[in-house]
Each structure stands twice: as C-alpha cells, then as structure tokens.
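The values are calculated or read from the model by the stated rules, or taken from the named source; none is laboratory data. In this text, all values refer to a predicted model and were calculated from it rather than measured experimentally. Counting neighbours? That spans all protein chains shown, and the Cβs are built from the backbone with ideal geometry, glycine included. Areas reflect the complete protein model, heavy atoms only, side chains present, ligands, DNA and RNA absent. Shrake-Rupley method; radii C 1.70, N 1.55, O 1.52, S 1.80 Å.
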Amino acid sequence: PAAALVRRPEFAAVYVVGGQTIITEGQPGEEMFVLLSGKGKVQKNGADINELGKGAHFGEMALVSGQPRSADVTALDYSRFLKLTTDDFNEILRRYPDIKAQIVDQAERREEMNRRRAEEAVEAARAALGGEPGPGNVAKP
C-alpha cells in the first residue's frame, strides 16, 4: 500500500552518564537532541556558557545551517535524551514547512547568545588573570 511508502520520523532514546560528551564543537552535526531528564552543560571554546534542563533541545543549529557544531554539550549527570537524525529532521521540515523559519530564528538567536556568553567568559578569565585589556575589559589609568 501507498501508506507503507510514507517515511515516518522517529526519535531514538539515548541514555548517558554524567561527564559523557553528547556533541563536540567543530564536529559535523548529524542529529539533534531533546533532554528528557538530567542536566547538560554547554561549552564554547572551553568556557561554560549555559546549563540545560528537562525539555531543552540542542544540535538543531548544525542541522539547519550545515555548519559544524558550534559548542560542546556534556551530560552533568545520568540523562535521557531523544535523538532525531538529519533525515528525520528534514522529513519533519518537509511535512511542516512553517516551523522551519521558527527553528532558524531560534538557532540564530542561540548562536548569538552562545557567542556573547563565550566572549564574556574569556574576558572574565582574562581580567581574573590580570591579562591584557580587550573588548569590554578597558585598562584603568
């Protein structure tokens, strides 16, 4: 029957222990995740920039842009995720084209937030170490 030819997107369950890396900055993005339980930590260039809790999703930015992962995500404790592959993600976008603009908009806002938080972390570390002044870290006379 024709119904058997329709591709149905599927989420796969993923279970990880604390300290396990889920995605790695700079690597190709082939799936996105939704956190069902536990906590995750987002790092960019080694700086902590966000903590994720139940219901948070991540990894969609690389799927939307085709660019490598923009940050690391590590489980802080035993965590349970749903994983959606690129093919399934694209199938959802094909079926529901109106949500693509929302996902792209959110991904762009998240990238800007991650960039800003990473810069702030670098500047705070530089200031704490008495480093050279940079943007937002003006030398005092």
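Per-residue answers, yes or no, for (1) in contact with a strand residue (DSSP E or B) (Cβ under 7 Å, 6 or more places away or on another chain); (2) open to solvent by less than 30 Å² (accessible area, probe 1.4 Å); (3) among the basic types (Lys, Arg); (4) part of a strand (DSSP E or B):
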| site | (1), (2), (3), (4) |
| --- | --- |
| 67 | no, no, no, no |
| 73 | yes, yes, no, yes |
| 82 | yes, no, no, yes |
| 87 | no, no, no, no |
| 92 | no, no, no, no |
| 105 | no, no, no, no |
| 114 | yes, yes, no, no |
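Considering (1) at pLDDT 95 or above; (2) not small (Gly, Ala, Ser); (3) not in a strand (DSSP E or B), the lone condition that residue 41 does not fulfil carries the number (3). The combined condition, being at pLDDT below 90, open to solvent by 80 Å² or more (accessible area, probe 1.4 Å) and not in a strand (DSSP E or B), is not fulfilled by residue 110.
Residues in segment 54-106 that are among the acidic types (Asp, Glu) and modelled with pLDDT of 85 or more were compared, and the one that is nearest to residue 32 (Cα to Cα) is 60.
Scanning segment 1-26 for residues that are at pLDDT below 65 and closer than 20 Å to residue 77 by Cα turns up nothing. Would you call residue 34 at pLDDT 95 or above and surrounded by 17 or more Cβ atoms within 10 Å (Cβ to Cβ)? Spelling it out, it is not the case that residue 34 is at pLDDT 95 or above and surrounded by 17 or more Cβ atoms within 10 Å (Cβ to Cβ). For segment 116-131, the tally of residues that are among the basic types (Lys, Arg) and either over 9 Å from residue 49 (Cβ atoms) or open to solvent by less than 90 Å² (accessible area, probe 1.4 Å) (or both) stands at 2.
Against the list (1) closer than 23 Å to residue 10 by Cα; (2) part of a strand (DSSP E or B); (3) in contact (Cβ under 8 Å) with a residue 60 or more places away in the chain, the condition residue 50 fails is (1).
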